[in-house]
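Before any comments, here is the structure.
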Amino acid sequence: MVRPLSTGVSSDTPMQIEQNQFVAQPIPLRRWGFIAACLVGSAILVVLVGDSTLSLLLYGASLLIVMGVALVVRHLHTFPDHRRWLAPLTIALLVGVLIFSRFGRLQILLFGTTIGRFGEWVGLSYLIFRLIHIVIDSKKLGDSVLRSGDLAAYALFPPALVAGPIHRANQFLPQLDQPYYPTSQPKLLDSLWRIGLGLIKKLVLANALALYVLTPDIAANPALPSGLLWLSLLAYTFMIYFDFAGYSDIAIGAAGLVGITLPENFANPYAQPSITRFWQAWHISLSTWLRDYLFFPISRTLLTKLGRNYNTLIMAVAHLTTMALAGLWHGFTTGFLAWGLWHGVGLFIHAQFSGIAKRRNIVVSPVIGVSATFLFVMIGWVFFAMPSFTSALHFLSRLFGR
């Protein structure tokens, strides 16, 4: 049948109009240059950090995963009814890849060797976080996420590839239309300053403290008195901050040199008066991701099913589940799990105490709050540093002179 000429009035159905709104537009040639630079830069970074041919092959696998997610997002928009199962399936597959990369026993079972150690699959954890965000928020982000090139530049942006910050697509993608360089001298100087500050934190302060930090060997040395054990834990506490914060500064500064603004990741976390405030200032992009994609969905789902009569139980489950998963994200050990549960318990208790304090007009001195929070976080690092929950408990018993 011959279609009639257009009369100027659209014959699309409402469903077709909605779908047409999500048709990806062509990527400008100028932007393709930036995308290519991002992919080449991230490949070079992977080779330098991973230091093996396998790392480059796994980077290729990361690029294929990004392309696969771009394809899935297109189908989410083209077939809205499939979103019910397609999005959860995609997220499950992404999490499965993350688990596979960190669980050496599974790799040995399947392939007879460990092929995907974290040190070789560079940046996979942060890549998975970004892609889950893309799948969940694809409708809000609009047609820009349908362009595979833009999505690749976002997910594999070199400065933030290895250890964050976990920037959001709605923050990153609009910046691709801006100049790819600092637009003023103050911005250039600020970017260089952040890189220099990060290098001092990471290469000078963190490396110096690393000579004295808590290690399994120190924890197992029976000749060391409790005073030296406390000093080793204190050194570890500041070393891990300077290491993470230093890398974030370098990443933010390097991104600034190509005209991209990344979110701040640390804001004096050890000077916060509560454990809740600590997590609002420590690895901010990670804590907000955990809040938006784990804590809120868990608590809302349970509130819908159980009602507000079980609010205390729901908050306990949401806090513990969120932080337990945060611990396991760092590695599948009982120590990391205990670290996550330690912070989950702390966040839940503080939330309950805050409600009581507000109703009874109880005011806690900032000095007491900062000191108690710092001590709580420092003890928690024992679980993070030790290879198992049992070894952490043994160290804690020696720490307190038992």
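The values are calculated or read from the model by the stated rules, or taken from the named source; none is laboratory data. If you're wondering where the values come from, they're calculated on a predicted model, not measured in any experiment. For neighbour counting, all protein chains shown are included, and Cβ atoms are generated from backbone atoms with ideal geometry for every residue, glycine included. The area values use the complete protein model at the heavy-atom level, side chains included, leaving out ligands, DNA and RNA. Shrake-Rupley method; radii C 1.70, N 1.55, O 1.52, S 1.80 Å.
Tabulated results
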quantity: Counted residues, the stretch 223-264 - those being assigned to a helix (DSSP H, G or I), under 22 Å from the mean Cα position of the chain (by Cα) and of a type outside the set (Phe, Trp, Tyr); calculated: 15
quantity: Residue match in the stretch 134-157 (condition: part of a helix (DSSP H, G or I), open to solvent by less than 50 Å² (accessible area, probe 1.4 Å) and at positive phi); calculated: yes
quantity: Residues located in the stretch 158-176, provided they are touching a residue at least 40 places away in the same chain (Cβ under 8 Å) and assigned to a helix (DSSP H, G or I); calculated: 158, 159, 160, 161, 171, 172, 175, 176
quantity: Leading residue by the ranking (nearest to residue 268 (Cα to Cα)) among those in the stretch 329-357 that are open to solvent by less than 80 Å² (accessible area, probe 1.4 Å) and not in a helix (DSSP H, G or I); calculated: 331
quantity: Test: residue in the stretch 278-285 that is among the hydroxyl-bearing types (Ser, Thr, Tyr), surrounded by fewer than 18 Cβ atoms within 10 Å (Cβ to Cβ) and assigned to a helix (DSSP H, G or I); calculated: no
quantity: Qualifying residues in the stretch 38-52 (those that are among the hydrophobic types (A, V, I, L, M, F, W, C) and open to solvent by 60 Å² or more (accessible area, probe 1.4 Å)) - the one nearest to residue 153 (Cα to Cα); calculated: 40
quantity: Residue in the stretch 368-375 that is farther than 26 Å from residue 291 by Cα and open to solvent by 30 Å² or more (accessible area, probe 1.4 Å) present; calculated: yes
quantity: Filtered residues of the stretch 358-402 (kept if part of a helix (DSSP H, G or I) and more than 26 Å from residue 216 (Cα to Cα)); calculated: 358, 359, 366, 367, 368, 369, 370, 371
quantity: Residue that is small (Gly, Ala, Ser), at pLDDT below 80 and either open to solvent by 60 Å² or more (accessible area, probe 1.4 Å) or in contact with a helix residue (DSSP H, G or I) (Cβ under 6 Å, 6 or more places away or on another chain) (or both), where the choices are 55, 6; calculated: 6
quantity: Lone qualifier among 347, 328 - being at negative phi and at pLDDT below 90; calculated: 328
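Every residue, every condition in (1) of a type outside the set (Gly, Ala, Ser); (2) closer than 28 Å to residue 289 by Cα; (3) at pLDDT below 95; (4) touching a His at 6+ places or on another chain (Cβ under 9 Å), yes or no:
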| position | (1), (2), (3), (4) |
| --- | --- |
| 156 | yes, yes, yes, no |
| 183 | yes, no, yes, no |
| 196 | no, yes, no, no |
| 239 | yes, yes, no, no |
